[in-house]
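These notes concern the structure reproduced below.
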Amino acid sequence: RSGWEKVFMVACPLLSIPLMIILAWDHCPPWLMFTTLALAGILLWGTSPAMVSYAQQQFPKGAGMASALTMGMSWGIGGLIQAPVTSYFENAGTPQLAFAAFIPCLLAAGLIAMALEPGTGPRHRALYAALRGLILSGRAGAGLRLPASRALAKDLALARNTVLAAYDQLAAEGYIEG
């Protein structure tokens, strides 16, 4: 389904905020702390594949670079923020308050993600939609031969299997002959 990335990038940080409040509670029982920490970890880790997928969709010709920058920046910036915040609250004798200090970051991440354009979904679906649009608009006339899958994949900087999947979908729906 197209657009799942944005949903994850908005929901995961925002759903983590109540969990951070529980973790910042001074008298949080250990069983609740460990359970809440696990849930928060799962939610926040859920944003990583969503961010990478979204970045790859925005820069299809540089998908590898988009992945590297996304992960590098998120881990790098996260590390630069986390270390001094945790150290500060540890030195103040209130290490649990470090969780509360991250609430503004989670809120900002969720709100910024809301402003992003929706992702395009899997690349073969985007290619399929573009080719189908050309066919339906008449710009790709009847009898027009589509480019060879290897050539189109090279021209668009896509994997050949992506092009083949788009062609297969067009053939299955009767837009082209296979």
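Shape call for region 80-178 from the C-alpha gyration tensor, a ≥ b ≥ c root eigenvalues: rounded (a/c under 1.5), prolate (a/b greater than b/c) or oblate? Prolate. Using a cutoff of 8 angstrom between alpha carbon atoms and counting only pairs six or more residues apart, the relative contact order for region 30-104 works out to 16 percent. Consider the candidate values (i) 1.00; (ii) 0.97; (iii) 1.17; state which one is Rg/Rh (Cα atoms, Kirkwood Rh) computed from the structure displayed. Label of the calculated value: (iii). For the chain, the share of accessible area belonging to carbon and sulfur comes to 68 percent (1.4 Å probe, ligands and nucleic acids excluded). For the chain, the solvent-accessible area of protein heavy atoms averages 62 Å² per residue (probe radius 1.4 Å; ligands and nucleic acids excluded). Entry note, region 77-178: relative contact order of 19 percent, from Cα contacts under 8 Å with a spacing of 6+ residues. Within the listed set Ala55, Ala40, Ala83, the residue fluctuating most in the Gaussian network model of the chain (springs between alpha-carbon atoms under 10 angstrom) is Ala83. Relative contact order, whole percent, for the chain stands at 29, derived from Cα pairs under 8 Å and 6 or more residues apart. Here the chain is treated with +1 on each Lys and Arg Cβ and -1 on each Asp and Glu Cβ, and its dipole about the Cα centre works out to around 780 debye. Of the complete DSSP H runs in the chain, those spanning 20 angstrom or more by Cα along the long axis with a mean Kyte-Doolittle score not below 0.5 are 4-24, 30-45, 63-91.
Peptides 20-32, 90-102 ordered by packing proxy, namely the average of other Cβ atoms within 10 Å per residue, highest first: 90-102, 20-32.
The values are calculated or read from the model by the stated rules, or taken from the named source; none is laboratory data. In this text the structure is predicted, and so the values were computed from the model without any measurement. Glycine also receives a Cβ, built like all others from the backbone with ideal geometry; neighbour counts cover every protein chain displayed. Just the protein is used for accessible areas: all its heavy atoms, side chains included, with ligands, DNA and RNA removed. Shrake-Rupley method; radii C 1.70, N 1.55, O 1.52, S 1.80 Å.
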